[in-house]
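Q: Sharing a structure with you now.
The values are calculated or read from the model by the stated rules, or taken from the named source; none is laboratory data. Note that the coordinates shown come from a computational prediction; the quantities given were computed from them, not determined experimentally. Note that we place each Cβ from the backbone using ideal geometry, even for glycine, and neighbour counts take in every protein chain shown.
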Amino acid sequence: MSHGLGIKSDILHQPPSSDKSPERSYRNPNMSIEETEMRRAKTQVQLMPADEVRMQVQRPATDKPGLTSWFSFRKDKTLVEILDRLKSLEGKVDRIPLRATVPQGFGPPQPSPSSQPSLGHENTESTSTSHASSMNQRPHYQHNTLLGDGDRTYKHASAAHKMLTWPAISQLLLQTVPSTVGDLNSLRNEGSAFIVRMQKGTPNLSLDDTLSEKPFVGMQTQATRVAGGIRNTFPDLTRNTMFRLTTAYFDSFNLIYPFMDRQNFISDTLTKVQTEGFDGDTDSVVALLVFALGELALEGSQGKPIERHGTRASGVKGGTDKKPPGLALFNEARKRMGFILTDCNLENVQRDYISFPGNIRQIAHTLKQIILRVLLSPCDWGSPKGDLIKRAYWHCALMETTLHLELDLPLTGIINLEQQVGLPSFKQPFCEADDRANKISNFESHYSSLLALTRVCANLHVDINKTVSTESSTDTPSTSMDSPVASSLKQLSLELAQWRGNLPENLQWAEDRPAAFPSPQGKNAGYNQAIDPELSHEKSYSQRNLFSTNLDEEPEDYPYLFDIQVALLRTRYYYAKYMAFRPCVYKVLHFPEQVTQDDAEGVAECLRSCLKWPLTMSPVSRRKRLIPYLFSWSQNFLGILLIFHMTRHNGMLQNIRTNMCGPTFEADANISIGLMLDWIRDLKSSDPIASWCWKILQGIYPIEE
C-alpha cells in the first residue's frame with residue numbers, strides 16, 4: 001500500500017533510544033507514556049509495507065523488563081488490529097479509480113471531469129461502478145505509472161501527442177476511455193517513437209497494380225545508346241496523357257512545395273520519356289512519380305468519395321482506402337528506384353521528396369551532402385539550378401522543422417546551413433504557365449510567408465525550452481510573476497503581429513474572419529481597387545467567404561489549389577498562437593492557485609486561436625488527398641478537442657471560456673468541434689493515427705460512426 005513512499009526500512013527500526021534521545025524530547029508533556037507509544041506504533045504501521053507489518057506481528061515480544069515489555073505486548077496487539085483493518089480496506093482502495101490531485105479553480109478542489117454533469121456536446125456519463133470494474137481489470141503495475149508525483153515535472157514540447165501525458169488529460173482518459181491505458185504507458189515511455197510506430201501500421205500499398213509495357217522501338221539519342229539497357233513504353237501512357245498528368249502535378253502539388261522547375265521538366269525529362277521510353281534512369285523514375293501525383297491530384301479533387309458517413313460524402317476522393325489513385329504509376333517507379341538509390345544529386349532529392357515525403361531525415365542527409373559539395377565548389381546561386389537547390393533546401397528545412405514541432409523528432413542540423421544557402425528568389429526562365437498560376441494563386445508569396453512563419457514557430461519552441469530549463473525542471477512553465485516565459489510569449493505575440501503586418505496585401509485577412517477571401521488590411525485597404533482589374537476581381541471576392549462550415553454543400557473547385565494554399569498559411573498562423581499559449585492551459589489545470597490575470601488572458605487567447613481553422617472547412621476538407629501530412633493535423637485536432645472538453649468541466653477554464661472569450665465563442669466552438677470530429681472520422685478508415693484518435697474521442701464526445 002505504501003511502497004511508493006520511498007521511506008527506508010532501517011529508519012523505521014532503529015534501536016530503542018535513551019531518555020535523552022531527540023525522539024523522547026519531542027513527546028507531548030500532556031500525553032501519557034502509553035498514549036505516546038500507541039501513537040508511535042500507529043504511525044509506523046501507516047508507513048510500513050504490508051509484508052513488514054506481518055513480520056512485526058510475528059516477532060516475539062521484547063525481553064525488556066517492566067513497562068516496556070507490557071507496552072510491546074500492547075503494541076503487537078495493536079498491530080494485529082491495524083493489519084486486519086488494512087486487509088478489509090485493501091480491496092476497496094484498489095477499486096477506487098486512480099486520480100491525481102488536480103486543483104481546479106480557486107479554493108478547494110472540484111470534482112473530477114467524469115463526475116460532473118454533461119454539458120453541451122460532451123458525453124461524460126459514467127458510474128463509479130463501471131470505473132471500479134474497469135480499474136479492477138487492469139494489471140496492478142499500471143496504478144502508479146500514469147499519475148505519480150513525477151507527472152508534475154513538465155518539460156515544454158510543441159508536439160501534440162505530449163499533451164496526452166498531462167496529469168489532468170491522463171486522468172480524463174483513464175476514466176472515460178480505460179482501454180487507452182496501455183497506449184498512454186507506451187506514449188510516456190517511447191514518446192514520438194510511439195506515434196511513428198503507429199503510423200507505420202498503415203497497410204503497405206499493393207504491388208499488384210502495374211502498367212502493361214512493351215519494348216521501345218524507335219530512334220534514341222547518343223547518350224541513351226551509350227547508357228545501354230532495354231527501354232520500354234506503356235501503351236496507356238500516351239503523349240497527351242503524360243502532358244495532362246504533368247500539368248496536373250505542376251498546377252497543384254508543386255505550387256504548395258515548389259522544389260521542381262516546370263519548364264525544365266517539360267523540355268528535358270518529359271520530352272525524353274515521350275520520345276525514347278522508360279528505363280531505370282533518374283529521368284524515368286522522376287517522370288513516373290510526377291505522373292502518379294498528377295493522377296492523384298485529379299482524382300483527389302474530382303473523383304468519387306471512397307465512402308459516406310450517413311448522408312455526407314467523404315472528403316477522401318478517388319481510388320479506395322487501400323488503393324489510392326496513381327498506384328500503378330507509382331509501382332512502376334518503385335521497380336526502377338533501386339538503380340538510382342545511391343545517387344547524390346538534386347534529381348535524387350527531388351525523387352525522394354515525391355516518393356517518400358515522410359523519410360525527411362534521409363532526404364536531409366542527402367541534401368546536406370549536396371549543399372556541402374556545392375559550397376566547396378564554385379556555384380552560381382543565382383542560376384536556375386542554384387535557385388532549385390535553394391528551394392529543395394528550404395523545403396527540407398521546412399518539413400524537418402514541422403515534423404520536429406509536431407512529433408518531437410530530432411533535427412539533423414541542416415537548418416544550420418541557412419546563412420550559406422540563402423532564400424530562393426524564384427528567378428527562373430520565363431514560363432507562361434507558372435506566371436499565370438502565380439498571378440491567380442500567389443504561390444510564391446504563400447511559400448515565402450510559410451517559411452517565415454515556420455521560423456517564428458521554431459524560435460518560439462527554442463526560447464520556451466531554454467526559459468523552462470532555466471527556471472525550474474520540476475514545475476510548469478510559469479507565465480506570470482516576471483517569468484522569462486511570459487517575456488517569450490509577449491515576444492512571440494509581437495513577432496506574429498509583425499509577420500501579419502509584413503504579409504503581401506493579396507495574402508492579408510482580418511484575424512477574426514478566418515474564412516474570408518484575402519483582402520488588404522489597414523489604412524491602405526481598398527486603394528485603387530476601382531480601376532485595377534485584378535484588385536476589382538479581388539474586391540468582389542472579399543464580400544463573401546472563401547471557406548464554408550457547411551460540409552454538405554457542393555464545394556467550389558478553385559484552380560491552382562488556391563483554397564488549400566490559403567488554408568495552410570492561415571491554419572499555421574492560428575496553430576502558432578495555439579502552441580504558444582497552450583502552457584497557460586496546463587497551468588490552470590494543474591496549478592490554479594498560481595494563476596494570474598495574464599495567465600487567464602493567455603488561456604482565452606489559446607481558446608480563441610482554436611476556432612474555425614480553414615483547413616477543416618469546405619472546400620479544403622473535401623479534398624483531403626491533396627493536403628500534405630494529414631496525420632499531424634489529426635493529432636492536433638485531438639488535443640484541441642480534449643481542451644474544449646476540459647473547458648466544460650474545469651471550473652476556472654469554464655469561467656474563462658464564459659467571460660473572456662467573446663460573445664460568439666460558444667457558437668464558434670461548437671462549429672469547430674463538429675468540423676474537427678468530421679475530419680478525424682473521415683480519415684479513420686485509411687489512417688492509423690486518425691483511427692486511434694477516433695477511439696479516444698468516442699469515449700468523450702457523443703459521436704456516431
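Q: Please work out which one of (1) in the same structural domain as Arg262 (by TED's automatic domain parsing); (2) surrounded by fewer than 20 Cβ atoms within 10 Å (Cβ to Cβ); (3) farther than 16 Å from Phe259 by Cβ is the condition Gly422 fails and give its number.
A: Result: Gly422 passes all but (3).
Q: So Arg570 passes all but one of these: (1) assigned to a helix (DSSP H, G or I); (2) under 15 Å from the mean Cα position of the chain (by Cα); (3) within 27 Å of Pro688 (Cα to Cα). Which condition number does it fail?
A: Unmet for Arg570, out of (1) assigned to a helix (DSSP H, G or I); (2) under 15 Å from the mean Cα position of the chain (by Cα); (3) within 27 Å of Pro688 (Cα to Cα): (2).
Q: Every residue in region 598-615 that is assigned to a helix (DSSP H, G or I) and closer than 16 Å to Ala667 by Cα, please.
A: Ala604, Leu607, Arg608
Q: Further question: Just checking, does region 591-598 include any residue being in contact with a Ser or Thr (Cβ under 7 Å, 6 or more places away or on another chain), on the phi < 0 side of the Ramachandran plot and crowded, with 19+ Cβ neighbours inside 10 Å?
A: Checking region 591-598: not a single residue is in contact with a Ser or Thr (Cβ under 7 Å, 6 or more places away or on another chain), on the phi < 0 side of the Ramachandran plot and crowded, with 19+ Cβ neighbours inside 10 Å.
Q: Continuing with the same structure: Scan region 417-433 and give yes if some residue there is touching a residue at least 60 places away in the same chain (Cβ under 8 Å) and not in a loop (DSSP other than H, G, I, E, B), otherwise no.
A: Yes, because at least one residue in region 417-433 is touching a residue at least 60 places away in the same chain (Cβ under 8 Å) and not in a loop (DSSP other than H, G, I, E, B).
Q: Tell me, which residue of region 179-205 that is out of contact with any helix residue (DSSP H, G or I) (no Cβ under 7 Å at 6 or more places or on another chain) and in a loop (DSSP other than H, G, I, E, B) is farthest from Pro235 (Cα to Cα)?
A: Gly191
Q: Another one. Could you say which residue among Gly300, Gly315 is within 29 Å of Leu683 (Cα to Cα), touching a residue at least 60 places away in the same chain (Cβ under 8 Å), not aromatic (Phe, Trp, Tyr) and not in a helix (DSSP H, G or I)?
A: Sole residue among the options that is within 29 Å of Leu683 (Cα to Cα), touching a residue at least 60 places away in the same chain (Cβ under 8 Å), not aromatic (Phe, Trp, Tyr) and not in a helix (DSSP H, G or I): Gly315.
Matching residues to (1) buried (at least 22 other Cβ atoms within 10 Å of the Cβ); (2) under 24 Å from Leu398 (Cβ atoms); (3) assigned by TED's automatic domain parsing to the domain that holds Met579:
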{"position": "Cys610", "(1), (2), (3)": "yes, yes, yes"}
{"position": "Thr616", "(1), (2), (3)": "yes, yes, yes"}
{"position": "Val620", "(1), (2), (3)": "yes, yes, yes"}
{"position": "Tyr629", "(1), (2), (3)": "no, yes, yes"}
{"position": "His645", "(1), (2), (3)": "yes, no, yes"}
{"position": "Asn650", "(1), (2), (3)": "yes, no, yes"}
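Q: Across region 247-268, which residue is modelled with the highest pLDDT among those that are of a type in the set (Ser, Thr, Tyr) and surrounded by fewer than 20 Cβ atoms within 10 Å (Cβ to Cβ)?
A: The residue in question is Thr247.
Let's see how each residue does on (1) of a type outside the set (Gly, Ala, Ser); (2) loosely packed, with under 12 Cβ neighbours inside 10 Å; (3) under 30 Å from Phe291 (Cα atoms):
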residue	(1), (2), (3)
Thr176	yes, no, no
Arg197	yes, no, yes
Leu205	yes, no, yes
Asp208	yes, yes, yes
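Q: Of the residues that make up region 638-648, is at least one touching a residue at least 12 places away in the same chain (Cβ under 8 Å), within 17 Å of Thr571 (Cα to Cα) and of a type outside the set (A, V, I, L, M, F, W, C)?
A: Yes, there is a match, as at least one residue in region 638-648 is touching a residue at least 12 places away in the same chain (Cβ under 8 Å), within 17 Å of Thr571 (Cα to Cα) and of a type outside the set (A, V, I, L, M, F, W, C).
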